[in-house]
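This report refers to the structure that appears directly beneath it.
The values are calculated or read from the model by the stated rules, or taken from the named source; none is laboratory data. Nothing here was measured: the structure is a model prediction, and the numbers come from that model. Neighbour counts are summed over all protein chains in view; Cβ atoms, including those assigned to glycine, are modelled from backbone coordinates with ideal geometry.
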């Protein structure tokens, strides 16, 4: 099943139905479901799919392309053909397109591998696009999992400038789509825990046995030496970046605490100029980190980089530090999560829930019906004694501020939350004419005392966060 990709499929179908040729770029981190999305979209079409080989030379890429073409066309004559370069491949491909009586969808998957991480193939695609393909009623989809290559060598390249009809960044699935994976067999509380650990990465949810509890799945996947989640760090990280050592140092550093550009530069002993900014941009494009703007009492704004990917947040907090011990464990029935992690991870769940609300703030904005009114959004910090934090502050064009308090608790929130939020409001520097609307975002809702006082402008619960309507 294809969950939560309605927008992308609609965009692709609209392009397909047009009478002209379209060039489309699709990118996103590994495990995010790019290939699956395009292949599901192409199921009922004249779909020609080609995938590059990781780490292989151009001659091997060409030979692999020919083998895939032989399967697609069922053409045994290809056995006797030896392509010496991509020009010969594309000449052959062009002649085959001309003999087709309906639109052909070309899918070049992992284009950075196909191009052997060079821009020569992209320049050649530009040549054939201009000379032949744009007039042959095709849909050419260039897809890659190395975001920096896709952006620098494809989307922003001078070769394809002005030729790409759509750029599709495939990101994590929304909560309502993740809910669909479980087919009503697990509670929303369990599903939320999965999202706090895995985010919205489809591959991780495909690994879950929905007949088993969260605890059993997390033990099996994350806390035994053969577990997929236990071992996935190296695979997704090192395959994503060529200079993986520097990228890992950055990620390791900010996993301990968010850091500004200058602090990261000092830690790495690098200048805070173009080189470091490029590393940070590439990490942001992969959605591993985010440059988060914080809002202070004096309205000063600064960018601090923090981990954005839930799996990396969980990995650095609970897997990495125990990795050596788990590697020495025999079997997987050690109950490591139950005995070592679960008793102490309640505070982490609270922070993870705050991050969840920040990351999926579009759900909150839609619920409040203020998507088009936002002029600023982010956490608010006041460092002066006594300091305090507002989990999410939404400033609107109609001079209304929504102050969002995010509470992860398996119990109903009691009346104490009202005093807590009001104390924060009293300490804020609120401009004249601004109305404050306090919002409570919680898992299980509130007790009757909170309902009775009618303090909060809105109270969102777990049902709201996972609703398609929100």
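Applying the criterion of at least 1 residues that are more than 20 Å from the chain's Cα centre (by Cα), modelled with pLDDT under 95 and more than 25 Å from residue 410 (Cα to Cα) to the helices (runs of 4 or more DSSP H) found wholly in the stretch 270-373 leaves 274-285, 323-327.
Taking the conditions (1) over 29 Å from residue 174 (Cα atoms); (2) in contact with a strand residue (DSSP E or B) (Cβ under 9 Å, 6 or more places away or on another chain); (3) not in a helix (DSSP H, G or I) in turn, residue 267 satisfies each one other than (3). The set of residues in the stretch 122-151 that are in a helix (DSSP H, G or I) and touching a residue at least 40 places away in the same chain (Cβ under 8 Å) comprises 129, 133, 134, 135, 147, 148, 150, 151. The one condition from (1) in contact with a helix residue (DSSP H, G or I) (Cβ under 6 Å, 6 or more places away or on another chain); (2) farther than 19 Å from residue 436 by Cβ; (3) in contact (Cβ under 8 Å) with a residue 24 or more places away in the chain that residue 367 does not meet is (2).
Table: residues versus (1) in contact with a helix residue (DSSP H, G or I) (Cβ under 6 Å, 6 or more places away or on another chain); (2) touching a residue at least 12 places away in the same chain (Cβ under 8 Å); (3) in a loop (DSSP other than H, G, I, E, B); (4) outside the structural domain of residue 150 (by TED's automatic domain parsing).
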| position | (1), (2), (3), (4) |
| --- | --- |
| 208 | yes, yes, yes, yes |
| 219 | yes, yes, no, yes |
| 255 | yes, yes, no, yes |
| 262 | no, no, no, yes |
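Looking across the stretch 87-99, the residues that are assigned to a helix (DSSP H, G or I) and over 14 Å from residue 59 (Cα atoms) come down to 90, 91, 92, 93, 94, 95, 96, 97, 98.
Checked against the criteria, residue 246 does not count as crowded, with 16+ Cβ neighbours inside 10 Å and in a helix (DSSP H, G or I). As a summary of the residue check, residue 194 satisfies the conditions (1) farther than 23 Å from residue 339 by Cβ; (2) without any contact (Cβ under 8 Å) to a residue 60 or more places away in the chain; (3) under 17 Å from the mean Cα position of the chain (by Cα) except for the one numbered (1). Here 4, 55 are screened, and the one residue that is surrounded by 19 or more Cβ atoms within 10 Å (Cβ to Cβ) and either part of a loop (DSSP other than H, G, I, E, B) or in the same structural domain as residue 83 (by TED's automatic domain parsing) (or both) is 4.
The condition of being in contact (Cβ under 8 Å) with a residue 24 or more places away in the chain, surrounded by fewer than 13 Cβ atoms within 10 Å (Cβ to Cβ) and more than 30 Å from residue 241 (Cβ to Cβ) holds for residue 87. Checking each residue in the stretch 402-419 for being surrounded by fewer than 13 Cβ atoms within 10 Å (Cβ to Cβ) and either touching a strand residue (DSSP E or B) at 6+ places or on another chain (Cβ under 9 Å) or more than 22 Å from residue 193 (Cα to Cα) (or both) picks out 416, 419.
Against the definition (surrounded by 13 or more Cβ atoms within 10 Å (Cβ to Cβ), under 24 Å from residue 174 (Cα atoms) and in contact with a helix residue (DSSP H, G or I) (Cβ under 8 Å, 6 or more places away or on another chain)), how does residue 313 come out, yes or no?
Yes; evaluated as a whole, the condition is true for this residue.
Taken together, 425, 415, 453 contain a single residue that is within 25 Å of residue 359 (Cα to Cα) and over 32 Å from the mean Cα position of the chain (by Cα), which is 425.
Criterion applied to 247, 238, 228, 233 was being in the same structural domain as residue 306 (by TED's automatic domain parsing), more than 28 Å from residue 336 (Cβ to Cβ) and in contact with a helix residue (DSSP H, G or I) (Cβ under 9 Å, 6 or more places away or on another chain), and the one residue passing it is 247. Considered as a group, the residues in the stretch 428-450 that are surrounded by 15 or more Cβ atoms within 10 Å (Cβ to Cβ) and farther than 23 Å from residue 356 by Cβ include one that is farthest from the chain's Cα centre (by Cα), and that residue is 428.
Mind checking whether some residue in the stretch 318-326 is closer than 30 Å to residue 224 by Cα and in contact with a strand residue (DSSP E or B) (Cβ under 8 Å, 6 or more places away or on another chain)?
no
Being touching a helix residue (DSSP H, G or I) at 6+ places or on another chain (Cβ under 7 Å) and part of a helix (DSSP H, G or I) is the filter; apply it to the stretch 71-86 and report the residue that is modelled with the highest pLDDT. Restricting to residues being touching a helix residue (DSSP H, G or I) at 6+ places or on another chain (Cβ under 7 Å) and part of a helix (DSSP H, G or I), the top hit is 86. Quick one: is residue 445 free of Cβ contacts under 8 Å to residues at least 12 places away in the same chain and within 25 Å of residue 348 (Cβ to Cβ)? Spelling it out, it is not the case that residue 445 is free of Cβ contacts under 8 Å to residues at least 12 places away in the same chain and within 25 Å of residue 348 (Cβ to Cβ).
State whether the residues of the stretch 138-154 include one that is surrounded by fewer than 17 Cβ atoms within 10 Å (Cβ to Cβ) and more than 22 Å from residue 461 (Cβ to Cβ). Among the residues of the stretch 138-154, at least one is surrounded by fewer than 17 Cβ atoms within 10 Å (Cβ to Cβ) and more than 22 Å from residue 461 (Cβ to Cβ), which makes the answer yes.
For the stretch 170-183, the criterion of being surrounded by 17 or more Cβ atoms within 10 Å (Cβ to Cβ) and touching a strand residue (DSSP E or B) at 6+ places or on another chain (Cβ under 7 Å) is met by at least one residue.
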